[in-house]
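Read the structure below first, then the notes.
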Amino acid sequence: MCLFCPTPSAAPSSPWSARRAFFLLAAGAAAATPVLAQVDVGSSSSLRKLVPAETLENSAAQQYRQMLEQARAKRALAPDNHPQLQRLHAIAKRLIPFTTPWNDRAKQWRWEVNLIGSQQINAFCMPGGKIAFYTGILDQLKLTDDEAAMIMGHEMAHALREHARERIAKTQGTNLALRLGSQLLGLGDLGQAAAGLGGQLLTLQFSRSDESDADLVGLELAARGGYQPSAAVSLWQKMGNATGGKQGGLAFLSTHPSGPARIKELEQNVPKVQGLYEAARRNG
Ligand SMILES: [Zn+2]
């Protein structure tokens with residue numbers, strides 16, 4: 001199930017160049033900022049390039065629109081003036097400026113955040129930056145702004161790190177290769193497959209590596225946005241304590257198991273981004 005590819009990438013949009021850009025920016029803006037300690041995640045898998053990003057993003061946007069229409073028809077789509085939606089918009093606004101170093105394509109994304117009235121504990125970000133939160137995750141876990149920012153960062157990270165693209169490349173690539181009797185697939189060969197996969201995007205399950213990756217990148221995004229890093233730990237403690245069963249919240253928890261390993265990894269990474277958080281708070 002794990003699709004993680006350890007092959008280092010020299011692509012100019014790799015996090016290494018992103019880190020350097022961050023460093024230069026920070027050095028220029030605030031010399032007093034401590035040396036930037038950042039989360040350490042590998043390069044994105046080059047396997048994902050088998051699926052054209054643009055095709056997948058278009059497919060996701062279409063699927064997102066359909067989902068919103070269905071929610072609207074059930075009167076479950078929060079209006080723009082809903083206080084919880086405004087809260088989510090405020091969080092997104094603080095995180096989005098820090099997304100592009102992780103993925104150059106994000107410069108062109110039209111980020112959207114919507115709130116769906118449902119008791120389910122759920123939230124996601126589809127390829128291209130289409131985010132949805134369910135009211136259940138905010139209400140049942142009684143999330144603070146810092147904790148909600150950790151979820152938002154985590155979900156944004158899945159899109160930025162193109163985990164869906166990678167997963168589809170892996171599963172569809174294998175199917176196609178088997179069908180063609182060949183393992184030699186070129187760039188873009190999965191374009192047609194990706195175009196019809198929008199429906200699967202809502203049910204994709206990521207690997208544990210992807211989850212860990214999203215936790216750490218999300219933690220850093222939220223810290224840069226000025227959200228308390230320790231909230232990542234309290235968030236997953238709340239997730240772990242949520243039974244969810246009573247009100248159908250198990251779907252998210254089953255794809256996002258909260259256990260000691262997850263919490264420990266986050267605890268170990270909190271100090272790495274603490275300086276970013278403090279700098280963000282100082283700079284207002
Ligand atoms: Zn996740």
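The rows are residues; the columns are (1) farther than 22 Å from His256 by Cα; (2) within 16 Å of the ligand (Cβ to nearest atom).
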residue	(1), (2)
Ala73	yes, no
Leu95	no, yes
Trp111	yes, no
Thr135	no, no
Lys142	no, no
Ile151	no, yes
query: Is it the case that Ala27 is at pLDDT below 50, in contact with a Ser or Thr (Cβ under 8 Å, 6 or more places away or on another chain) and part of a helix (DSSP H, G or I)?
result: yes
query: Residues in the range 73-101 that are charged (D, E, K, R), in a helix (DSSP H, G or I) and free of Cβ contacts under 8 Å to residues at least 40 places away in the same chain: how many?
result: 1
query: Using beta carbons and a limit of 7 Å, which pairs, at least six apart or on different chains, have the first residue in the range 151-167 and in contact (Cβ under 8 Å) with a residue 12 or more places away in the chain and the second one within 11 Å of the ligand (Cβ to nearest atom) and β-branched (Val, Ile, Thr)?
result: Ala157/Val217; Leu160/Val217; Arg161/Val217
field: Qualifying helices (runs of 4 or more DSSP H) (wholly inside the range 221-284; at least 2 residues being modelled with pLDDT of 90 or more and out of contact with any strand residue (DSSP E or B) (no Cβ under 7 Å at 6 or more places or on another chain))
entry: 231-241, 260-282
message: Take the residues in the range 113-133 that are among the β-branched types (Val, Ile, Thr) and within 16 Å of the ligand (Cβ to nearest atom); name whichever of them is nearest to Leu77 (Cα to Cα).
response: Ile131
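The values are calculated or read from the model by the stated rules, or taken from the named source; none is laboratory data. Bear in mind that the values here come from a model prediction, so they are computed numbers and not experimental data. Every residue, glycine among them, receives a Cβ derived from its backbone with ideal geometry; neighbour counts consider all protein chains shown.
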